[in-house]
Amino acid sequence: DAGITQSPRHKVTETGTPVTLRCHQTENHRYMYWYRQDPGHGLRLIHYSYGVKDTDKGEVSDGYSVSRSKTEDFLLTLESATSSQTSVYFCAISESIAYEQYFGPGTRLTVT
Amino acid sequence: QKEVEQNSGPLSVPEGAIASLNCTYSDRGSQSFFWYRQYSGKSPELIMSIYSNGDKEDGRFTAQLNKASQYVSLLIRDSQPSDSATYLCAVIETINDYKLSFGAGTTVTVRA
């Protein structure tokens, strides 16, 4: 998985609780992304980062926030988890915004 | 209207045959095109990237790009049971701030 790890790999949480997912890379790539993948919707971009402390919204950003304090780490936070946020979350990295992206192993999140 | 469309599956081919996957996109300014393979329960894995018109071959895989017709295809020659997976077409759309847009995927099953 190209030097990308995600933690936790599985999580079950209750509605209304905050959840933070972590993505860590060892490739020193500038760009990092968070996607969610759901049946019938495919892969959708939540947020992305183009450098330390530089982030922007994607297609489905409502209910999510991100932070990037170091090149290697990109955090995704669900401030108050809802059942609609039950999904598989993938982190991806790329050297440039126009180049290929490499995906981490994913985190399966279930909100009950 | 979905920006990246893939031929609907599932696609079933006998072992040793050629599997042909097609993808069309709507953004004429797109410059970067990718094929990912995703096994069930796993993350997307980059198998081909193509940036200019024509064919690009890598082992048993050939990607074909035709920007005038706005389509990109993937051929899998000598298909093996290990090729059974969902194949995702992805396009970096310049009109979408260089975001990576994914097709819904085509599931390929190779029959032994």
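The values are calculated or read from the model by the stated rules, or taken from the named source; none is laboratory data. Not measured: the values here are computed from a predicted model. Here the Cβ is made from the backbone with ideal geometry for all residues, glycine too, and neighbour counts use every protein chain on show. Side chains are part of the model used for accessible areas, which takes the heavy atoms of the whole protein and leaves out ligands, DNA and RNA. Shrake-Rupley method; radii C 1.70, N 1.55, O 1.52, S 1.80 Å.
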Contact-by-burial set, region A:33-64, min loss 20 Å², accessible area of protein heavy atoms with 1.4 Å probe, reference chain alone, gives A:Tyr35, A:Gln37, A:Leu43, A:Leu45, A:Tyr48
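Please report the net charge: other residues with Cβ closer than 13 Å to the Cβ of A:Lys70, K and R +1, D and E -1. Please report the intermediate quantities before stating the final value.
Details: positive: A:Arg22, A:Arg30, A:Lys53, A:Arg68; negative: A:Asp54, A:Glu72, A:Asp73.
Taking every other residue near A:Lys70 into account, the sum is +1.
Give me the mean projected area, in nm² to one decimal, of the convex hull enclosing the Cα positions of chain A. Show your work: numbers first, answer last.
Details: hull surface 25.0 nm².
The directionally averaged projection comes out at 6.2 nm².
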Interface residues of region A:72-103, defined as losing at least 10 Å² of accessible area versus the chain alone with a 1.4 Å probe, are A:Phe90, A:Ile97, A:Ala98, A:Tyr99, A:Glu100, A:Gln101, A:Tyr102, A:Phe103
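For chain B, what does the relative contact order come out to in percent, with C-alpha contacts under 8 Å and a separation of six or more?
Working: 283 pairs, mean separation 41.5, N = 112.
37 percent.
Considering only protein heavy atoms, what per residue accessible area in square angstrom results for chain B with a 1.4 angstrom probe?
46
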Cα-based Rg/(2.2 N^0.38 Å) for chain B, rounded to two decimals, is 1.02
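Give me the percent of Cα-Cα pairs in the protein assembly as shown that sit more than 30 Å apart, rounded to a whole number.
Working: 6058 of 24976 pairs.
I get 24 percent for the Cα pairs in the protein assembly as shown exceeding 30 Å.
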To the nearest 20 debye, region A:1-94 has a Cα-centred charge dipole, built from +1 on Lys and Arg Cβ and -1 on Asp and Glu Cβ, of 120
From the Cα centre of region A:52-112 to that of region B:26-45, the distance in Å is 18
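Over region A:29-112, what relative contact order in percent results from Cα pairs under 8 Å that are six or more residues apart?
Working: 180 pairs, mean separation 24.8, N = 84.
Contact order relative to length: 30 percent.
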Ignoring ligands, DNA and RNA, the residues of region B:16-36 whose accessible area with a 1.4 Å probe is reduced by 10 Å² or more relative to the chain alone are B:Ser32, B:Phe34, B:Tyr36
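Skip the ligands, DNA and RNA, and give the accessible area per residue of region A:41-103 with a 1.4 Å probe, whole Å². Let's see the in-between values first.
Details: 2730 Å² over 63 residues.
It amounts to 43 Å² per residue over region A:41-103.
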